[in-house]
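Participant: Below is a structure I'd like to ask you about.
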Amino acid sequence: MLSEANKKVVILIPSLNPKKEFINYIEELIDNGFKNIIVVNDGSNNSCNEIFDNIEKRKECKIIKHTNNEGKGKSLKDGLKLFKTMKGNFNGIITADCDGQHLIKDIIKLSEALKDNKNNLILGVRNLKDKNVPIKSRIGNNLTSAIFKLLYGVKITDTQTGLRAIPTSLLDDYIELKGNRYEYETNMLIYSILKRIKIIEIPIDTVYIDENKGTHFRPIKDSILIYKNIFSSLIKYSIASIISFLLDIFIFKILLLVTQNFDQAISITIGTIGARVISSLVNYTLNRNITFKNKGNVRNTIIKYYALCIFQMSLSAILVIIFSKLIKLPETLIKIIVDTILYFFSYRMQNKWVFNSKKK
């Protein structure tokens with residue numbers, strides 16, 4: 001018996017130079033009750049026209065054609081825009097690849113999951129420890145997963161999966177995201193984490209055809225685009241930190257000159273406090289408006305920001321004291337190590353707590 005849930009989802013498949021077996025894949029989707037299928041011809045060779053013409057004749061299918069190859073991200077966004085215009089009480093849209101690596105039974109799993117996850121992103125995740133996973137795919141995915149965990153505090157088993165179920169409620173969120181190639185899918189994950197959209201993982205079969213030789217992923221160019229976006233906020237955070245540090249030193253020097261006739265201890269105290277107040281306000285402003293682009297209540301974020309500063313400063317002092325007694329290393333070296341670790345801790349806390357805007 002066919003699932004009723006399959007009738008309430010749209011299938012979106014970006015396609016670049018698909019093989020003739022793609023027609024059979026579409027037929028199998030239709031036979032399993034998927035009555036609304038969007039296929040994007042992303043600038044395929046003319047030799048593929050017969051395949052797309054065959055698919056377009058089916059009443060269940062709609063074709064979007066790109067004259068030139070515009071990238072998987074652009075194909076997905078164009079498909080989401082078309083989905084937005086379609087009439088029907090749909091639970092959401094499921095994205096899949098055209099090479100047959102996403103089995104119909106796994107697409108059905110995500111279709112069923114959409115019924116109970118009207119506000120969550122659903123990922124079909126592969127077992128990347130499986131022996132048939134190409135080594136470069138395993139390494140790339142594990143590395144990206146580890147970076148996500150480090151920077152965002154969220155473990156995503158399969159960051160590169162193309163099998164995703166997007167509920168209708170999140171449509172507008174994802175249409176506006178940047179990226180025209182594979183980095184778009186990474187941006188979707190980053191956005192979901194920052195907006196506290198829950199990410200549900202559904203295990204699926206791990207299928208690689210011919211060692212994934214048919215992939216259109218460009219190892220160097222696309223990897224650069226992906227990691228550029230992953231590290232984007234950390235880079236901005238680091239620049240804001242450097243600017244604040246230099247400003248702190250500059251203001252400190254100015255205040256020392258202004259108070260040079262004061263007692264030395266008083267002069268240094270005024271310089272230290274004054275410089276830190278000004279530089280921290282600049283750091284807060286840069287991180288709020290540029291690094292994390294927070295539009296929430298200033299009062300709430302600034303209270304959290306300074307609470308974190310006080311906690312981090314206190315924790316730094318405590319850890320340096322403790323490790324100075326346990327390890328025979330110079331205090332300065334210990335402080336450098338401790339503060340480097342706390343630097344990433346502070347980034348995570350500002351990202352997830354101080355400047356995090358929970359999706360309404």
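Where a number appears in this text, it was derived from the coordinates with a stated rule and is not lab data. Since the model is a prediction, treat every value here as computed from it, not as a measurement. Ideal geometry is used to build each Cβ from the backbone, glycine not excepted, and the neighbour counts take in all protein chains shown.
Participant: For q values of 0.15 Å⁻¹, compute log₁₀ I(q)/I(0) with the Debye formula on a Cα-only model of region 231-360, without solvent.
Facilitator: With no solvent term, the Cα-only Debye profile gives -0.83.
Participant: Taking other Cβ within 10 Å of each residue's Cβ, how do 276, 288 sort, fewest first?
Facilitator: The order, fewest Cβ neighbours first, is 276, 288.
Participant: Now, a different point. Relative to the longest principal axis of the C-alpha atoms of the chain, give the angle of the C-alpha long axis of helix 104-114, reported between 0 and 90° and rounded to the nearest 10°.
Facilitator: 50 degrees
Participant: So what's region 4-230 giving for Rg/Rh, alpha carbon basis, Kirkwood Rh from the mean inverse pair distance? It would help to have the intermediate numbers written out before the result.
Facilitator: Details: Rg = 16.4 Å, Rh = 17.7 Å.
On the Cα set of region 4-230, Rg over Rh gives 0.93.
Participant: Can you work out the FRET efficiency for the pair residue 146 and residue 299, with r the C-beta to C-beta distance and R0 = 41 Å, to the nearest 0.05? Present the calculation step by step, with values, prior to reporting the outcome.
Facilitator: Working: r = 36 Å, r/R0 = 0.88.
Taking R0 as 41 Å, the efficiency between residue 146 and residue 299 is 0.70.
Participant: Quickly work out the residue 157-to-residue 312 label distance, labels modelled 7 Å from Cα along the C-beta direction, and quote it in nm with one decimal.
Facilitator: Those two pseudo-labels are separated by 3.4 nm.
Participant: If r is the Cβ-Cβ distance from residue 264 to residue 336 and R0 is 35 Å, what FRET efficiency results, to the nearest 0.05?
Facilitator: According to the calculation, E is roughly 0.85.
Participant: Can you tell me the orientation of helix 219-230 relative to the chain, as the angle in degrees between its alpha-carbon axis and the longest Cα principal axis, to the nearest 10?
Facilitator: 50 degrees
Participant: Please give the helix 298-326 orientation as an angle from the longest Cα principal axis of the chain, in degrees from 0 to 90, rounded to the nearest 10.
Facilitator: Result, in degrees: 70.
Participant: Calculate the spin-label point distance for residue 321 paired with residue 24, positioning each point 7 Å from the Cα along the beta-carbon direction, and give it in nanometres.
Facilitator: The two pseudo-label positions are separated by 7.2 nm.
Participant: Also, I was wondering about something else. Report the extension gain between residue 254 and residue 136 in nm, rounded to one decimal, defined as 0.36 nm multiplied by the number of residues separating them, less their alpha carbon distance.
Facilitator: Working: separation 118, 0.36 × 118 = 42.48 nm, distance 5.39 nm.
Separation in residues times 0.36 nm, less the Cα-Cα distance, equals 37.1 nm.
Participant: Still on this structure, I have one more. Using 12 Å as the cut-off for backbone N distance, which residues of region 27-65 belong to the label zone defined by a point 7 Å from the Cα of residue 81 along Cα→Cβ?
Facilitator: Answer for this model: 65.
Participant: I'd like the distance between the alpha-carbon centres of region 176-199 and region 322-341, rounded to an integer number of Å.
Facilitator: Region 176-199 and region 322-341 have Cα centres spaced 38 Å from each other.
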